[in-house]
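The values are calculated or read from the model by the stated rules, or taken from the named source; none is laboratory data. Every value quoted in this text rests on a predicted model; they were computed, and no experiment measured them. Note that we place each Cβ from the backbone using ideal geometry, even for glycine, and neighbour counts take in every protein chain shown. All accessible areas refer to the heavy atoms of the entire protein, side chains included, with ligands and DNA or RNA removed. Shrake-Rupley method; radii C 1.70, N 1.55, O 1.52, S 1.80 Å.
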Amino acid sequence: ETVTELVDGSEVSGSVEPGTDYYSYSQCYVINAEEARYAVTVTNKSSKSVDLYCSNDINQNGSSIGYVNANAVSTVERITSADEKLYLRIRVSGNFSDPLEFTIKAEKVAPAELTVDEGVALNSKSQWVSFTAEEAGQYNFNVYDTSSESGDTGVSGFELYEYKDIMETSYLKWASSGSSLSYGMTRVMDQNETILIQVQYSSGYGVLPESR
């Protein structure tokens, strides 16, 4: 079996060929992981939905860790240990006649630096940001559409999760974005205190705006 390594930050193209069984799989892709949080992004270029399967054993298809709609993009994250191997395959259910095209990308998650004066543009459905308070005080973290005619406008459709560390699986606090200061995440912070936030986009709401 052909196995293609997904190097950190690399994106490769692939396809699922029509098969004789109800389930058809792509070739195998492997992440030779470090101790880190990885984001795996699949861009489905076909008119049929697909599943992302993952296993630590090259001889096993594993289990589904993500579902990608037709002509859509989906990102899932996995926390890995040093020297762990993640074997990934794209699975298609049902019958189809033409190869289904996709791209797959793996990269280590690194939070972007957020300041009071400089925001972070959201370019995926999951964005990590870190903020260090230069002064003690109350801070509100929200998502804004900077392209709106009325100026920076708070938008709904995003969820904000505070984590102690990027390797944690459980969040400390949750909030939803919105059009006023009653939305978003509000924190009282000490001087030089740092907060780590994961912003997740809900595909049920419009387009992905930039953040402030």
Dimensionless Rg/Rh of the stretch 1-122, both radii on Cα and Rh by Kirkwood, sits at 1.02
Counting as exposed only chymotrypsin sites (Phe, Trp or Tyr not before Pro) in DSSP loop states with no more than 15 other Cβ atoms inside 10 Å, the longest exposed-site-free span of the chain is 23-170
Over all viewing directions the Cα convex hull of the chain casts an average projected area in nm² of 13.3 nm²
Given the candidates Gly157, Leu100, Ile195, the one whose Cα lies deepest towards the positive end of the charge dipole of the chain, counting +1 at each Lys or Arg C-beta and -1 at each Asp or Glu C-beta, is Leu100
Given unit charges at Cβ for Lys, Arg (+) and Asp, Glu (-), the dipole magnitude of the stretch 14-164 about its Cα centre in debye, nearest 20, is 740 debye
Here the stretch 130-135 yields Karplus 3J(HN,Hα) values (6.51, -1.76, 1.60; θ = phi - 60°; whole Hz; Gly and Pro given as x) of 10, 9, 10, 6, 6, 10
One finds the C-alpha centres of the stretch 1-79 and the stretch 89-112 to be spaced, in Å, by 5 Å
With every protein chain in place, the accessible area of Ile79 for a 1.4 Å probe, in Å² rounded to the nearest 10, comes to 60 Å²
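Would you mind working out the accessible area per residue for the stretch 61-196, using a 1.4 Å probe, and quoting it in Å²?
Accessible surface, normalised per residue, equals 55 Å².
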A correct Karplus calculation of ³J(HN,Hα) over the stretch 36-52, with 6.51 cos²θ - 1.76 cosθ + 1.60, θ = phi - 60°, whole Hz and x for Gly and Pro, returns 6, 9, 10, 10, 10, 10, 10, 9, 8, 9, 10, 8, 10, 6, 9, 10, 9
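Roughly to the nearest percent, how much of the accessible area of the chain is carbon and sulfur, given a 1.4 Å probe? Working shown, then result.
Details: 4900 of 11530 Å².
Carbon and sulfur atoms account for 42 percent of the accessible area of the chain.
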In Å, the C-alpha Rg and Dmax of the stretch 80-192 are 18.8, 62
Diffing the stretch 71-88: the Karplus 3J(HN,Hα) column from phi (6.51, -1.76, 1.60, θ = phi - 60°), in whole Hz with x for Gly and Pro, holds 6, 9, 10, 9, 10, 10, 10, 9, 8, 10, 9, 4, 6, 6, 10, 10, 9, 10
Out of Gly66, Thr41, Thr80 - ranked by how far each Cα lies towards the positive end of the dipole of the chain, with unit charges on the beta-carbon of charged residues - the top one is Gly66
For Lys125, counting only lysines whose alpha-carbon sits under 22 Å away and dropping same-chain residues fewer than eight positions off, the answer is Lys45, Lys48, Lys105, Lys108, Lys164, Lys173
Simple spin-label estimate for Met167/Thr153, 7 Å along Cα→Cβ, in nm, reads 4.3 nm
